[in-house]
Amino acid sequence: MSVSPPSWYIELRRRQTAQISQICALYPARDRDKVLAALLVTAHHAASDIDPENGWLLIALSGVENIGPSTPNVPQGTALDPNHASHGDAASFVEDILHASNDQYNAVTAIRCAVHVLWEQFAYCIAETDRKTIATYAARLA
């Protein structure tokens, strides 16, 4: 018998999913992998800074393992662009979720949730080689 997550967590995931989708919509579809890579790397940095137990890293590594092969038509090795404009939006997203904590959850829970949402719902848009590179970089941060 599985236990359902609390309603506040479902709402947090829904809100983060919507925010990520809105950020992706700001850029051409061809740049979606770059935007998502920026979001992942920025979320990993924030998580590394505030999560003393590194629980976020287990989420990230399980995400890269569970995603399977890259989506067809996604070019290999294109997502990691440190100069892409989405890095500013990624930083704003992370800042927003860290400051949105309340009585129901703290910043660590919020950033872990963001890492989970990014890996579970969006990372399939990033080529497999780039996902593995991002996961390796995440492991080095922890």
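The values are calculated or read from the model by the stated rules, or taken from the named source; none is laboratory data. Predicted model, so just to flag it, every value in this text is computed and none were measured. Note that we place each Cβ from the backbone using ideal geometry, even for glycine, and neighbour counts take in every protein chain shown.
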Identity of the residue in the stretch 69-96, aliphatic (A, V, I, L, M) and assigned to a loop (DSSP other than H, G, I, E, B), that ends up modelled with the highest pLDDT: Ala85
Residue ID - surrounded by the most Cβ atoms within 10 Å (Cβ to Cβ), chosen from residues in the stretch 17-47 that are touching an Asp or Glu at 6+ places or on another chain (Cβ under 9 Å) and small (Gly, Ala, Ser): Ala37
For the stretch 1-60, which residues satisfy the criterion of being among the charged types (D, E, K, R) and closer than 18 Å to Lys132 by Cα? Arg32, Asp33, Lys34
Select from the stretch 15-68 the residues that are within 16 Å of Asp89 (Cα to Cα), touching a residue at least 12 places away in the same chain (Cβ under 8 Å) and not in a helix (DSSP H, G or I) and list them in ascending order. Leu26, Tyr27
